[in-house]
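Asks: Here you go, one structure.
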Amino acid sequence: MTRRYSRALITGINGQDGAWLAARLLGEGIEVIGTHRPTSPAGNWRLHELGFANHPNLHLRALDSANVAACHGLLNDVEAQAIFHLAGQSRVADSFRDPLASIHANGIGTLNLLEAMRRQTPDAHFVLASSAEIFGNPELAPQDEDTPLHPTSPYGLSKLLAHSAMRSWRASFGLAASSAILFNHESELRDEAFVTRKISLGVARILLGREQELALGNLDARRDFGYAPEYMAALANMADRESGDDYVLATGHAASVREFASAAFEAIDMPIDWQGRAAAEIGRERKSGKIRVRIDTRLFRPVDAPLLVGNAAKARERLGFDPQIALGELTRRMVEADLQRERSGRTS
């Protein structure tokens, strides 16, 4: 397809979303400048897995978004027509341990880049990876672009600051600034610190006999689990639009962490029966009777919304967003990828 932009900047290219987005754009002939933290290596195992690590149109740069001069210098140098801001502190649990770091990484970093764009490349389209955590613990479901924003975690607050900045710079300065309100989106490239990847990796190791049990926290939390590449396709389309806007990206279907784990075990033909309640709940393998899942109360968050599920009608209409990968297929892909890595000795 032919896009309005031929050069894109992707901050946080080493992450799951950055890698999927870069692979998509590079495959379309777009020149991609990807940034990573100055303290992180330029190498990208995710892009290696996707086969794009050595693509001639891929250029890697170090960037600390807290450095105002560095943000201005980079945007002046690369002259990108589309800016995808995916970098930042990405784990809710980490925000409870260091809330100010989340505010600086996700909120102030976004403001620095927005202001750099305003002064250096005002005709570009800025796309932010926001989060459903900005809704906090909403009273109504599903959530859409008009749902009140009341974050309950430091991470959600940091994302609200970034999200609000997009709206403000769009209204105040006429910038094409879009916010993708992303509900849970998972894939084979998810970081091991996330519960979904913890599950898929644990299931793979249990099948191979390398582990016996999986420790999980709140099994009752219900989330809208989608497939990350489909969400990144929507971000690419957002930057194609002439003006900025806010879009919820979600499947419209919620599943509990318990259901996610069940689906992952089903992917290896190891069905699980759940027994007990609260902290005493266990997941027992139906065939052997072995306990495969236990609750670790240390993994519970101080606050955790019981249900987040999105209404992506606006994105479907304007971006052609049409998620097709359901929970069973999503977990199968993740478990199979981890099995391949474990068997080959590759690390992620």
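Asks: Tell me, what HN-Hα J-couplings in whole Hz come from the Karplus equation 6.51 cos²θ - 1.76 cosθ + 1.60 at θ = phi - 60° for each residue of the stretch 49-55, using x for Gly and Pro?
Replies: 4, 7, x, 10, 4, 10, 5
Asks: Using DSSP to define loop residues, name the trypsin sites (Lys or Arg not before Pro) in the stretch 40-117 whose beta-carbon has at most 15 other beta-carbon atoms within 10 Å.
Replies: When the trypsin sites (Lys or Arg not before Pro) of the stretch 40-117 are filtered for loop state and at most 15 Cβ neighbours within 10 Å, 91 remain.
Asks: Further question on the same structure: Can you list the HN-Hα couplings for the stretch 126-132, worked out from phi with the Karplus curve (6.51, -1.76, 1.60; θ = phi - 60°), rounded to whole Hz and with x for Gly and Pro?
Replies: So the J values, rounded to whole Hz, are 9, 10, 9, 8, 8, 8, 5.
Asks: Need one number: nm distance between label points at residue 307 and residue 281, each 7 Å from Cα along Cα→Cβ, rounded to one decimal.
Replies: In this crude label model, residue 307 to residue 281 measures out at 1.6 nm.
Asks: While we're looking at this one, here's another question. Under a point-charge model restricted to the Cβ atoms of Lys and Arg (+1) and Asp and Glu (-1), what is the dipole moment magnitude of the stretch 211-348 relative to its Cα centre, in debye to the nearest 20?
Replies: On the way: 21 positive and 23 negative charges, 98 e Å.
Charge dipole, the stretch 211-348, about its Cα centre: 480 debye, nearest 20.
Asks: Moving on to the next point. At what distance in nm do the modelled label points of residue 273 and residue 291 sit from each other, each positioned 7 Å from its Cα along Cα→Cβ?
Replies: Result: 1.6 nm between the two label points.
Asks: Amide H to amide H under 5 Å from residue 34: which residues, 5+ apart in sequence or cross-chain, H placed 1.01 Å off N in plane?
Replies: Answer set, sorted by chain and number: 10, 59, 60, 61.
Asks: Excluding residues fewer than 8 places away in the same chain, name every one of the aspartates and glutamates whose C-alpha is closer than 19 Å to that of residue 287.
Replies: Output for residue 287: 211, 213, 259, 266, 269, 273.
Asks: Kindly state, to the nearest 0.05, the FRET efficiency for residue 347 paired with residue 59, given R0 = 30 Å and r defined as their beta-carbon distance.
Replies: Numbers: r = 25 Å, r/R0 = 0.85.
E between residue 347 and residue 59, to the nearest 0.05, is 0.75.
Asks: Considering only the other residues whose Cβ falls under 15 Å of the Cβ of residue 192, what net charge follows from Lys and Arg at +1 and Asp and Glu at -1?
Replies: +1
Asks: Let me ask something else. Along the Cα→Cβ direction, 7 angstrom out, place labels at residue 48 and residue 324. What is the inter-label distance in nm?
Replies: 3.1 nm
Asks: Which one of 63, 276, 234 is farthest out on the positive end of the charge dipole of the chain, using unit charges on Cβ (Lys, Arg +1; Asp, Glu -1) and the Cα centre as origin?
Replies: Positive-most Cα among the choices belongs to 276.
Asks: In the chain, with Lys and Arg counted as +1 and Asp and Glu as -1 at Cβ, which of these residues, 219, 344, 75, has the Cα nearest the positive end of the dipole, that is, farthest along it?
Replies: 344
Asks: Would you please state which residues of the stretch 146-173 a label at residue 66 would reach in this model, taking the label point 7 Å out along Cα→Cβ and a backbone N cut-off of under 11 Å?
Replies: none
Asks: Sticking with this structure for a sec: Return the lysines within reach of residue 290: Cα separation strictly under 26 angstrom, same-chain partners fewer than 8 residues apart disregarded; answer none if there are no such residues.
Replies: Qualifying lysines at Cα under 26 Å: 198.
Asks: Whose amide H sits under 5 Å from the amide H of residue 125, counting only residues 5 or more places off or on another chain, with H placed in the peptide plane?
Replies: Long-range HN contacts for residue 125: 82, 83.
Asks: How much mean residue ellipticity at 222 nm does the chain get from its helices, if each DSSP H run of length 4 or more adds -39500 (n - 2.57) and you divide by all residues, to the nearest 500 deg cm²/dmol?
Replies: Only helices count here, giving -11500 deg cm²/dmol.
Asks: Shifting gears a bit: Pick from 38, 138, 99: which is most flexible by mean-square fluctuation in a GNM of the chain where alpha carbon atoms under 10 Å apart are linked?
Replies: 38
Asks: Calculate the FRET efficiency for residue 150 and residue 171 from the Cβ-Cβ distance with a Förster distance of 22 Å, rounded to the nearest 0.05.
Replies: Rounded to the nearest 0.05, the efficiency is 0.55.
Asks: Answer with one residue from 129, 50, 39: the one whose Cα lies farthest towards the positive end of the charge dipole of the chain, charges on Cβ with Lys, Arg +1 and Asp, Glu -1.
Replies: Of the candidates, 39 comes out farthest on the positive side.
Asks: Given H placed 1.01 Å from N in the peptide plane, which residues other than close sequence neighbours of residue 250 have an amide H under 5 Å from its amide H?
Replies: When sequence neighbours closer than 5 places are left aside, the close amide H contacts are 312.
Every read-out reported here was derived from the displayed coordinates using simple, explicitly stated rules and does not represent laboratory data. Only a predicted model underlies this, so the values are computations on that prediction, with no experimental measurement involved. Don't worry about glycine lacking a Cβ; one is built from the backbone with ideal geometry, like all the others, and counts go over all protein chains shown.
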